[in-house]
Amino acid sequence: MEQIPLDVQLADHAVFDTWLAGDNGALVHALQQVAAVQTFTVCWLWGGPESGKTHLLQACVNEAHRHNFCTAYLPVGPGSELEPAMVKNMGDLDVVCIDKIDTVAGSSEWEQAMFGLFETVRQRGSRLVMAAEKPPLHCAFALPDLISRFSSGATFRVHPLADDDKIKAMQLRAGWRGLELPDEVASFLFFRVERGNRYLFEMLERLDRKALTEQKRLTIPFVRSFLANP
């Protein structure tokens, strides 16, 4: 089985091996089980912007695909081309991961589609993973039955990484890209740029391209020069 061919690109780095768990070990283990074990499961992830929810959903989809399950990653809400009828028909898949589900709360059409999806997933014994900025009870869903169903499974908060763990996460991502990012260089970079996860990893990608172009190692002088002339 394969992923359903939607016009949604999964990041090539979105795997569990490139995500530092920090205080989220139980969450990562639960998602690995979702990806590997065929049994009815509902998981709800919640956390602030740039907490890693999208990475985790895509990692779950990629891992399930590796286990030959039929999967879909569905980012809904503003800017998405997905429509309620399309999502409702995804219940026959093995693993469905819905990102930003709270952004469609309050829409009757979307809530009916989500209700239908949930029921199909439950009847089929599939897995449904959802991500939002808040727990189900604190989202603006109008259908009480939908709230109770979304709350029926495991709910995990995606805990933000401490600064020390963000540095380790940068080094983990660098290693995945084939880069050596020594402790002193990682710390030098971290304390001189914005500390949001997205910005840090985008900066690392730019450093990677420049180091590759110039055939240089990541050293403090190299990073200092890069930051002075980005």
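The values are calculated or read from the model by the stated rules, or taken from the named source; none is laboratory data. Just so we're clear, the structure is a prediction, and the values are computed from it rather than from any experiment. Here the Cβ is made from the backbone with ideal geometry for all residues, glycine too, and neighbour counts use every protein chain on show.
Filter the range 22-64 down to the residues that are closer than 23 Å to residue 123 by Cβ and not in a helix (DSSP H, G or I) and list them by number.
Within the range 22-64, 37, 38, 39, 40, 41, 42, 43, 44 qualify.
Sort out which residues of the range 85-100 are in contact with a Lys or Arg (Cβ under 7 Å, 6 or more places away or on another chain) and over 20 Å from residue 59 (Cα atoms), and write them in order of number.
Selection gives 92 alone.
For the range 154-170, which residues satisfy the criterion of being surrounded by 19 or more Cβ atoms within 10 Å (Cβ to Cβ) and free of Cβ contacts under 8 Å to residues at least 24 places away in the same chain?
Once the filter is applied, which keeps residues that are surrounded by 19 or more Cβ atoms within 10 Å (Cβ to Cβ) and free of Cβ contacts under 8 Å to residues at least 24 places away in the same chain, the range 154-170 yields only 167.
When you go through 144, 136 one by one, which is the residue that is closer than 27 Å to residue 48 by Cα, at pLDDT below 95 and in the same structural domain as residue 23 (by TED's automatic domain parsing)?
Selected residue: 144, the only one of 144, 136 that is closer than 27 Å to residue 48 by Cα, at pLDDT below 95 and in the same structural domain as residue 23 (by TED's automatic domain parsing).
Residues checked against (1) surrounded by 19 or more Cβ atoms within 10 Å (Cβ to Cβ); (2) within 22 Å of residue 58 (Cβ to Cβ):
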{"position": "118", "(1), (2)": "yes, yes"}
{"position": "126", "(1), (2)": "yes, yes"}
{"position": "130", "(1), (2)": "yes, yes"}
{"position": "175", "(1), (2)": "no, yes"}
{"position": "183", "(1), (2)": "no, no"}
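Looking only at the range 193-211, count every residue that is without any contact (Cβ under 8 Å) to a residue 60 or more places away in the chain, farther than 14 Å from residue 181 by Cβ and either over 22 Å from the mean Cα position of the chain (by Cα) or part of a helix (DSSP H, G or I) (or both) and tell me the total.
Summing the residues that are without any contact (Cβ under 8 Å) to a residue 60 or more places away in the chain, farther than 14 Å from residue 181 by Cβ and either over 22 Å from the mean Cα position of the chain (by Cα) or part of a helix (DSSP H, G or I) (or both) in the range 193-211 gives 3.
May I ask you to list the residues in the range 206-227 that are surrounded by 14 or more Cβ atoms within 10 Å (Cβ to Cβ) and more than 19 Å from residue 192 (Cα to Cα)?
216
Looking at 54, 41, which one is more than 17 Å from the chain's Cα centre (by Cα), within 13 Å of residue 130 (Cα to Cα) and surrounded by 16 or more Cβ atoms within 10 Å (Cβ to Cβ)?
Sole residue among the options that is more than 17 Å from the chain's Cα centre (by Cα), within 13 Å of residue 130 (Cα to Cα) and surrounded by 16 or more Cβ atoms within 10 Å (Cβ to Cβ): 41.
Find the helices (runs of 4 or more DSSP H) located wholly in the range 65-160 whose residues include 2 or more that are in contact with a strand residue (DSSP E or B) (Cβ under 9 Å, 6 or more places away or on another chain) and closer than 26 Å to residue 16 by Cα, and list them.
108-124
Just to verify a result, which residue in the range 81-112, among those that are touching a residue at least 60 places away in the same chain (Cβ under 8 Å) and of a type in the set (Asp, Glu), is surrounded by the fewest Cβ atoms within 10 Å (Cβ to Cβ)?
Only one residue fits best here, namely 81.
Tell me yes or no: at least one residue of the range 198-213 is in the same structural domain as residue 122 (by TED's automatic domain parsing), over 16 Å from residue 19 (Cβ atoms) and among the polar types (S, T, N, Q).
No, that holds for no residue.
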